[in-house]
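The values are calculated or read from the model by the stated rules, or taken from the named source; none is laboratory data. Everything quoted here is computed from the prediction, not taken from an experiment. Here the Cβ positions follow ideal geometry from the backbone for every residue, glycine too, while neighbour counts run over all protein chains shown. Each accessible area value is taken on the protein alone, full model and side chains, heavy atoms only, with ligands, DNA and RNA left out. Shrake-Rupley method; radii C 1.70, N 1.55, O 1.52, S 1.80 Å.
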Amino acid sequence: LEGFPSGKPIGVYQLLWQSYLSSSSSNEVDPHYLDPILLLNKKIVTETGKHYGNVSWVGLNSKYFLMAFLPHHTFSTAVAEKDERQLVVGFEFLENSPSFSQTIGIYAGPKENAALKQVDASLEKVIDYGWVSFMAGPLLWFLHYLYRLTGNYGMAIILLTILIKIIFFPLSHKSFKS
């Protein structure tokens with residue numbers, strides 16, 4: 001065979017995580033909340049298709065949970081495909097690449113800051129706070145701080161609410177006055 005250094009073709013391998021999305025029962029959780037997600041060149045990508053670059057991890061993302069492949073070294077190709085019946089994410093690599101023999105970890109759990117940070121700091125990017133993300137991070141940190149002080153999330157929420165009311169009192173007072 002011509003063009004191949006060893007005289008044989010190089011195999012292309014894929015490591016895939018597949019989830020079937022068909023739901024036959026009406027009392028099952030809607031499976032369409034499951035989406036592909038990957039960290040490509042240090043940015044979150046949710047589009048399907050083949051992605052080329054520095055792929056740090058790939059996963060299946062739902063509203064509250066994440067399942068992800070976490071390689072020790074970056075891959076150069078990620079696969080993310082979704083149709084009405086199944087969702088497939090994973091890595092693609094050549095037989096002679098360094099990725100062929102590397103260890104890959106798996107995270108399957110809640111999208112909770114502390115748990116994600118403990119596994120890999122870049123996993124925290126999967127939590128989407130929406131357009132209020134500039135406020136949500138500090139407020140969440142302060143809520144956890146109040147919880148550590150009180151030992152009760154109910155009290156922590158009440159204290160945080162009171163603090164926010166005090167901070168915005170001048171604006172509220174001016175609004176009531178006008």
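If I go through the stretch 126-167 residue by residue, how many of them are open to solvent by 100 Å² or more (accessible area, probe 1.4 Å) and either within 25 Å of the chain's Cα centre (by Cα) or not charged (D, E, K, R) (or both)?
Result for the stretch 126-167: 7.
Scan the stretch 37-58 and report the pairs whose first residue is free of Cβ contacts under 8 Å to residues at least 60 places away in the same chain and whose second residue is outside any strand (DSSP E or B) and of a type outside the set (Lys, Arg), with Cβ atoms within less than 7 Å and a gap of 6+ or a chain change.
Partner pairs satisfying both residue conditions: 53/41; 54/41; 54/74; 55/74.
State whether the residues of the stretch 102-114 include one that is surrounded by fewer than 11 Cβ atoms within 10 Å (Cβ to Cβ), modelled with pLDDT under 90 and of a type outside the set (A, V, I, L, M, F, W, C).
yes
Of all residues being more than 14 Å from the chain's Cα centre (by Cα) and within 25 Å of residue 115 (Cα to Cα) in the stretch 61-76, which is modelled with the highest pLDDT? Just the residue, please.
Only one residue tops the list, namely 71.
Would you check which residues across the stretch 35-55 are among the hydrophobic types (A, V, I, L, M, F, W, C) and either loosely packed, with under 15 Cβ neighbours inside 10 Å or in contact with an Asp or Glu (Cβ under 7 Å, 6 or more places away or on another chain) (or both) and list them?
Residue satisfying the conditions is 44 alone.
May I ask you to say which residue of 172, 178 is free of Cβ contacts under 8 Å to residues at least 12 places away in the same chain, farther than 17 Å from residue 40 by Cβ and either within 15 Å of the chain's Cα centre (by Cα) or open to solvent by less than 80 Å² (accessible area, probe 1.4 Å) (or both)?
Checking each option against the conditions leaves just 172.
Out of the residues in the stretch 34-59 that are assigned to a loop (DSSP other than H, G, I, E, B) and under 18 Å from residue 122 (Cα atoms), which is nearest to the chain's Cα centre (by Cα)?
Going through the qualifying residues, I end up with 46.
With 89, 119, 79, 58 as the choices, which residue is buried (at least 20 other Cβ atoms within 10 Å of the Cβ), at pLDDT 90 or above and touching a strand residue (DSSP E or B) at 6+ places or on another chain (Cβ under 6 Å)?
Step by step, each of 89, 119, 79, 58 is checked, and only 58 is buried (at least 20 other Cβ atoms within 10 Å of the Cβ), at pLDDT 90 or above and touching a strand residue (DSSP E or B) at 6+ places or on another chain (Cβ under 6 Å).
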